[in-house]
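None of the figures in this text is laboratory data; all of them are computed from the coordinates on show. All of these numbers come straight from a predicted model, not from anything done at the bench. Quick reminder, even Gly has a Cβ in these numbers, built from the backbone with ideal geometry, and neighbours come from all protein chains shown.
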Amino acid sequence: MGDVAILVPILHALLEQNKGIKITVLTQKKFSPLFQGLKNSTVYLAETKTKHKGFLGLYKLYKELKKYNFTAIADVHNVLRSRLLKIFFLGRNFVQIDKGRKEKKDLISKKHFVQLKTAHERYADVFRKLGFKIDLSNPNFPNKAILPSKVRSFFSGLEHKKFIGIAPFAAHKSKMYPLEKMKIVIEQLSKNHIVLLFGGKNEISLLNSFEINSHILSVAGKLTFSEELETISNLDCMLSMDSGNAHLAAIFGVKVVTIWGVTHPFAGFAPFYQPKEYALIPNLKKFPKIPTSIYGNTSSETYLNAAASITIDQIITKIEGII
């Protein structure tokens, strides 16, 4: 989801800065709400688990897409499926993303511990190579959405309060802040209003248990994805791990504080248009090998709780300074 969310502000810039173009976004159904606000665009659904599954399914997808006579094709994913589509579209203006794998490998090995090109610029480069101009230095963000009815009463009549979204989970434990500490963070921030977001089946009950007063609301499992995005657009600040949740908030220009574990912003995956000071990283004197991986999927046992070296006071101070 994070990889898809990163694309959204790039497409906004593409459409705003290149008048008269129309785009079709090829994506899976579950991600389609991310592109609802794009002008001059349509979404084409790749049904990779059914009719577009496997080699023959991808060829069928190619035959469907071929009818549209696209003048340019931007592959910002560069995985096996899109590489096969590139073969099918042989002869078309087809550009694939350079993910910078060597630079990222050097970053992990500490051969070059420097800020790499951001994922957003890598996405933008694909469209630049196709001949379009994209400047990400001064973006326009979508307006706040109308709040879903399920959360409207929580926000109603509280204009003087700040609303902070908190998404405490990530795909890998090595990227998560300890939940016992996160509970204290939530409690200390709840003089404002806290919206707890994004939890799977196993996390929903845990987030519900964090509703220790009327200033805290867990919406995990209670909203559709579209409704979650509408809610996020109304936040004043988002606290997230290095995860797709941070990128979802950044789409709307929400201020995003990120907590990092064994990954590092230097890899280029910080959320869009956020000051580097909003990224809280572990104590590198205690954990000098960070980043141990780009995506957090590999780490030694001694580094699993690296994020815990970020203090509760650091998080509270950062968020209160922002809001």
Distance in nm between pseudo-label sites at Ile316 and Lys286 (7 Å out along the Cβ direction from Cα): 1.8 nm
Positive dipole terminus of the chain, leading residue within Ile216, Gly54, Gly100 (C-beta point charges): Gly54
Which value in nm describes the separation of the simple spin-label points at Phe225 and Lys201, placed 7 Å from the Cα toward the beta carbon? 1.8 nm
Would you give the gap between the C-alpha center of segment 277-318 and the C-alpha center of segment 161-228, rounded to a whole Å? 20 Å
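Sequence gap at least 6, Cα distance under 8 Å: using those rules, report the relative contact order of the chain to the nearest whole percent.
Relative CO of the chain lands at 19 percent.
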Work out how much length Ser137 to Arg83 would gain on full extension: take 0.36 nm times their residue separation and subtract the Cα-Cα distance, in nm to one decimal. 16.4 nm
Would you kindly state how much longer the chain becomes between Ala308 and Tyr68 on full extension, computed as 0.36 nm times their sequence separation minus their alpha carbon distance, in nm to one decimal? 81.3 nm
For the chain (alpha-carbon point model, no solvent) the Debye-based log₁₀ I(q)/I(0) at q = 0.10 Å⁻¹ works out to -0.62
For segment 153-322, the Debye formula with one identical point scatterer on each Cα and no solvent gives log10 I(q)/I(0) at q = 0.16, 0.17 Å⁻¹ as -0.90, -1.02
For segment 2-129, the Kirkwood Rh over every pair of distinct alpha carbons, in Å, works out to 16.0 Å
Tensor-based shape of segment 91-180 (alpha-carbon gyration tensor, a/c under 1.5 rounded, otherwise prolate or oblate): oblate
Who wins for biggest fluctuation among Ser209, Ser293, Ser218 in a Gaussian network model of the chain, springs between alpha carbons below 10 Å? Ser209
